[in-house]
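One structure is given below, encoded as structure tokens.
The values are calculated or read from the model by the stated rules, or taken from the named source; none is laboratory data. Since the structure is predicted, the reported quantities are computational estimates derived from the model, not experimental observations. Heads up, the Cβs are rebuilt from the backbone with ideal geometry, glycines too, and the neighbour counts pull from every protein chain shown.
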Amino acid sequence: MTPFPDTAIGSAYRSTAGWDLLDTLVDLDRMAGHDGEAEAARVLAEALREVGVDGTQIQPFEIDGWWRGESAIEADGRRFDGSHEVVALPNSPSGDVSATLADLGHGTPGAFEEHDVGDAVVLATRGAPEDSPWVQRWEKYGRAVDDGSVGFVLAGDADGCLPPTGHIGAPNRSPAAIPSVGISKEVASWLRRRDLESVSVSVSAESRTAESRNVEAFLGPETEREVLVTAHLDAHDVGDGAEDNGLGCATLVEIASLLAPLEEQLDIGVRFVGFGAEEIGIRGSEQWAATHDLDRVKAVMNVDTAGTGRTLKLKTMGFEGIETAVDTAADALEVPVAFEREVIPDSDHWPFVSRGIPAATANSVRETRGRGWGHTHGDTLDKLDRRDLREMAIVLGAGVLELANDDTTVRQVDPADVRDAVPEHTRRGLEASGRWPF
Ligand SMILES: [Zn+2]
């Protein structure tokens, strides 16, 4: 293994580069295609340069951008339209619909089978009942559309008046088919307490072609193969995108800052990439994967919301070489890592993994299931602690150093093997939303 020097651990403790970047990012509207996303790309590139990583490039690409207007839900003479009650879901078309409410609980496939939804407005809570597999938002939305419903309402699953946001519809079809809003758990329970004749959902929003961009910078020797360290730089326009994913960008910069002085110890090159437009359908990483020679990519370490706690959770997608490298590095630091091996399509590792390229996504272990504050107004800087960021930077920095070691073997696989490893409930969800890539 490549030992991770004490000086690197010491500088992780003192470094302010990541936190300073985070502090800047949270004040920008980094929704894909918005001006703040372009500014985020610029400040991320600058932060990478400042910690000593050169060759910064910004690569623009076209997306379907989305801008919110007003949205509301009305029933029984009451109108909810405050920003902490109702938010339009990104990619929702503008529209005004009134219909009966079909309450599908968590919107599991079973619930859709039991109900004849017809032309109702579907209400489904985020996530899944305890002990059953997570059901993605896009699957619930896709089933609602397939069943002929006229509106889609996603309810929050946590207390605190926090309507969830999240892109709906296919990544490359804009706008989506039916008006869709997120409502807080509290508004959902108000609706569920009533026997409603009718509920109205209204959304005004604008969809138009826009530009997003990926940022990259390079460290170490020019070699045939490289390790990628990645994080998405866009965010939702609800909340500050502090944990999702200002934190990932901050961690990326901290890893760069730890590895820059160790450049001589890198057997192969390390490329740092900030992806745009992750939140509207994993567009930046798909763009990157589709336009680069992936045989050059030895492994991808993607950081999405790592740093919400001090213990690393690494989703390895079953790539043993990545697990071994990070486990070796963590053992030497005497810190635990929680490894998850299930193949899941929920972040920027997916365009690589679905092509057989070894990629993992780093989160932190959470006390409770689900997304935490992510995708709500509650995703703000005050919830975060820079000591957690340090811990993530150290263990991930040491892990990346190990992945860049010539003696570390990480094998590409046949995409058909990935396809066969996707759990049935995940496959169903991808198919129901037109995202199955195989
Ligand atoms: Zn994210």
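Structural remarks
- The sole residue among Ala47, Ala120, Ala102 that is more than 26 Å from the chain's Cα centre (by Cα) and in contact (Cβ under 8 Å) with a residue 40 or more places away in the chain is Ala102.
- Boolean, Val343 is in contact (Cβ under 8 Å) with a residue 60 or more places away in the chain and among the β-branched types (Val, Ile, Thr): yes
- Counted residues, region 239-249 - those being surrounded by 24 or more Cβ atoms within 10 Å (Cβ to Cβ) and under 14 Å from Asp29 (Cβ atoms): 4
- Scanning region 163-196 for residues that are farther than 30 Å from Phe61 by Cα, more than 19 Å from the chain's Cα centre (by Cα) and assigned to a loop (DSSP other than H, G, I, E, B) yields a total of 5.
- Just one residue in the set Val410, Val422, Val400, Val337 is more than 30 Å from Ala8 (Cα to Cα) and either touching a Cys at 6+ places or on another chain (Cβ under 6 Å) or modelled with pLDDT of 95 or more (or both); that residue is Val422.
- Residues being within 16 Å of the ligand (Cβ to nearest atom) and farther than 14 Å from Met301 by Cα are entirely absent from region 422-434.
- Number of positions in region 213-238 that are outside any loop (DSSP other than H, G, I, E, B) and surrounded by fewer than 19 Cβ atoms within 10 Å (Cβ to Cβ): 1
- Some residue of region 301-310 being on the phi > 0 side of the Ramachandran plot and more than 16 Å from the ligand (Cβ to nearest atom): no
- Ala210 falls short on exactly one of the conditions (1) part of a loop (DSSP other than H, G, I, E, B); (2) among the aliphatic types (A, V, I, L, M); (3) away from the ligand (no atom under 16 Å from the Cβ), and that condition is (1).
- Where strands (runs of 3 or more DSSP E) fall entirely within region 78-141, those with at least 3 residues that are touching a strand residue (DSSP E or B) at 6+ places or on another chain (Cβ under 9 Å) are at 86-88, 95-99, 101-103, 121-125.
- Checking each residue in region 32-77 for being in a strand (DSSP E or B) and among the small types (Gly, Ala, Ser) picks out Gly55, Gly65, Gly69, Ser71, Ala72, Ala75.
- Meets criteria (within 16 Å of the ligand (Cβ to nearest atom) and modelled with pLDDT under 95) for Val238: yes
- Single residue of region 347-385 satisfying the filter (of a type in the set (A, V, I, L, M, F, W, C) and surrounded by fewer than 23 Cβ atoms within 10 Å (Cβ to Cβ)) that is nearest to the ligand (Cβ to nearest atom): Trp373
- Within region 270-293, being within 15 Å of the ligand (Cβ to nearest atom) and either part of a strand (DSSP E or B) or free of Cβ contacts under 8 Å to residues at least 40 places away in the same chain (or both) holds for Val273, Gly274, Phe275.
- Criterion: touching an Asp or Glu at 6+ places or on another chain (Cβ under 9 Å), surrounded by fewer than 17 Cβ atoms within 10 Å (Cβ to Cβ) and hydroxyl-bearing (Ser, Thr, Tyr) - qualifying residue of Ser83, Ser94, Ser15: Ser94
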